[in-house]
1. Kindly state which strands (runs of 3 or more DSSP E) lie completely within region 51-102 and contain at least 1 residues that are modelled with pLDDT under 95 and either over 14 Å from LEU129 (Cα atoms) or touching a Lys or Arg at 6+ places or on another chain (Cβ under 6 Å) (or both).
2. From the list VAL124, VAL131, exactly one residue is under 20 Å from VAL100 (Cβ atoms), modelled with pLDDT of 95 or more and either small (Gly, Ala, Ser) or crowded, with 23+ Cβ neighbours inside 10 Å (or both). Which is it?
3. Just the residues that are within 17 Å of ALA81 (Cα to Cα) and among the aromatic types (Phe, Trp, Tyr), please, taken from region 113-160.
4. Quick one: in region 83-108, of everything that is exposed (fewer than 15 other Cβ atoms within 10 Å of the Cβ) and not acidic (Asp, Glu), which residue is nearest to VAL122 (Cα to Cα)?
Amino acid sequence: MNVLRRAAAAAAMAVVAAGVLGGCSSQIEGQAVPDADATATSTAPSTSLPSTSPTTSPSTELSIDVAPGECIALGGTVDDATIDQATCGSPSSNYKVVEVVDASAMCPGDIDQTYYESFGGVEVGALCLDVDWVVGHCMDLGGEDPKRIECGEPAIQGEEVTEILLDTSDVNECSISGGGFVYRERNFVVCTDTI
């Protein structure tokens, strides 16, 4: 998950961005950058997870039209990222949108991933993302991106979500699991068992 990726955006995005940023280069880039400040306790976010209030801006210009609470499938490589809408909890979904903002610096400090697009080196919109955790489901965190797996399936770094605790940042409150992921800024814990 610690990877910077670039993606070619649709030509329609270039027209929109050109109107907003006239005179700039005509290359649009999408980048996915994991948040370096995200706090994980143990090796491993469904139900509704907390976020800061949605800050979708009318000036945000992304090539994908998603809202907070919706999910995406983020993949690809460092030089060619892919992003598509996905049904939350489905096999293709790996991230849930926390916020849609003008620039990645506006994302909460404890998110798992940031995807942003730029035009001529200037950010034109960003998605603040958490892993699409679902209670009773499993994710493999051992690859470049999280991947939903069957709970009995072999995994590099498999985690099964046992509960999501709101209004706490204490992983010791997990009653079913011995560990999990702590999101201090938004004050919740995702309790997991390593599989």
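The values are calculated or read from the model by the stated rules, or taken from the named source; none is laboratory data. From a predicted model like this one, the values you see are computed outputs, not experimental measurements. Methodologically, a virtual Cβ is constructed for each residue, glycine included, from the backbone with ideal geometry; neighbour enumeration extends over all protein chains shown.
1. Working: elements: 71-76, 81-86, 95-101.
Correct list: 71-76, 81-86.
2. Only one candidate passes the filter, namely VAL131.
3. Within region 113-160, TYR115, TYR116, PHE119 meet the criteria.
4. ALA105
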